[in-house]
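The values are calculated or read from the model by the stated rules, or taken from the named source; none is laboratory data. Treat the numbers as computed from the prediction; the structure is a model and nothing was measured. Virtual Cβ from ideal backbone geometry, glycine too; neighbours counted across all protein chains shown. Surface areas here come from the heavy atoms of the whole protein model, side chains and all, with no ligands, DNA or RNA. Shrake-Rupley method; radii C 1.70, N 1.55, O 1.52, S 1.80 Å.
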Amino acid sequence: WDLDGEPSCVAAGPDGTLYVGMTDRVDVVAPGIDGTTAWPDLGSQAVVTSVAVAGTEVLVADAGNRMVLRFDAGGRLAGTIGSGYSVPSPYFDVAGSPDGTLWVADTGRRALRHYSMEGKPLGSWGSSSLDIAGFGGCCNPVHIAVCACGSIVTAEKGLPRVKVYGPDGRLSAVVAGPADFAPDESGLDLATRAANEVLVLVPSRRVVRVYVKKEADAGG
């Protein structure tokens with residue numbers, strides 16, 4: 001489909017509808033319909049960095065206005081999720097969880113926030129550290145995804161790393177470390193597939209890598 005502008009992010013609904021972030025709005029591409037439908041403009045300060053579909057809701061992270069907006073499938077604004085986010089750079093991600101809750105990357109605080117779909121805070125975790133369990137730099141994690149089991153996958157810039165955490169914030173696995181990427185790699189976007197697969201977009205190589213969970217050996 002031809003788009004009127006450069007897309008920044010995309011999410012797919014269960015019926016195949018595509019919700020495409022276009023800097024200051026979301027364009028919708030529906031199956032079997034020519035062209036796109038533009039949702040309302042979010043204003044001159046808007047920088048749409050993430051779109052996620054959770055049930056019948058569409059979540060839009062706007063790094064420019066530091067807001068997470070909740071829309072219904074028809075594009076009607078139903079509310080916002082959280083407030084007071086610290087977003088020093090245009091990395092601001094939101095992801096839905098299989099249990100119907102939401103995760104938002106509060107990048108400037110090197111933390112993840114957990115919310116109900118109605119916006120009720122359910123907790124947060126994260127620490128500013130270059131240690132393997134923490135998040136370093138000015139703003140991390142830059143991207144997140146949620147596995148079918150509820151675990152959260154995170155990607156970082158600066159010191160490029162991809163890791164998996166439990167919903168309680170406990171580090172459970174390292175998917176890839178700095179040695180797996182170019183030193184200045186950024187924009188490691190994420191998705192999950194099947195039970196134990198993590199998909200990582202590597203922009204400098206123009207590839208998507210598929211990582212599969214390793215089983216522990218006999219020695220643990």
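Would you confirm, using the coordinates I've provided, whether GLY108 is among the small types (Gly, Ala, Ser), out of contact with any strand residue (DSSP E or B) (no Cβ under 7 Å at 6 or more places or on another chain) and at pLDDT 95 or above?
Criteria met by GLY108.
Tally the residues that are open to solvent by 40 Å² or more (accessible area, probe 1.4 Å), out of contact with any strand residue (DSSP E or B) (no Cβ under 9 Å at 6 or more places or on another chain) and closer than 26 Å to GLY100 by Cα, restricting the search to region 127-169.
Residues in region 127-169 being open to solvent by 40 Å² or more (accessible area, probe 1.4 Å), out of contact with any strand residue (DSSP E or B) (no Cβ under 9 Å at 6 or more places or on another chain) and closer than 26 Å to GLY100 by Cα: 1 in total.
Cβ-Cβ distance below 6 Å, separation of 6 or more or different chains: which pairs start in region 60-71 with a residue that is under 9 Å from VAL94 (Cβ atoms) and end on one that is at pLDDT 95 or above and of a type in the set (S, T, N, Q)?
ALA61/THR49; ALA61/SER50
State which residue is nearest to ALA95 (Cα to Cα) when the search covers only region 123-136 and only residues that are assigned to a loop (DSSP other than H, G, I, E, B) and in contact (Cβ under 8 Å) with a residue 24 or more places away in the chain.
Filtering first and then ranking leaves GLY126.
When the residues of region 72-100 are filtered to those that are among the hydroxyl-bearing types (Ser, Thr, Tyr) and outside any strand (DSSP E or B), which remaining residue is farthest from MET117 (Cα to Cα)? Full working, then the answer.
Pass one, region 72-100, residues among the hydroxyl-bearing types (Ser, Thr, Tyr): 80, 83, 85-86, 89, 91, 97.
Of the ones still in play, those that are also outside any strand (DSSP E or B) are 83, 85-86, 89, 91, 97.
Values: SER83: 14, TYR85: 17, SER86: 21, SER89: 25, TYR91: 21, SER97: 10 Å.
Going through the qualifying residues, I end up with SER89.
Kindly indicate whether any position in region 49-66 is open to solvent by 50 Å² or more (accessible area, probe 1.4 Å) and in a strand (DSSP E or B).
no
Within region 139-155, identify whether any single residue is over 17 Å from the mean Cα position of the chain (by Cα), modelled with pLDDT under 95 and not in a strand (DSSP E or B), and answer yes or no.
No; the residues of region 139-155 include none that is over 17 Å from the mean Cα position of the chain (by Cα), modelled with pLDDT under 95 and not in a strand (DSSP E or B).
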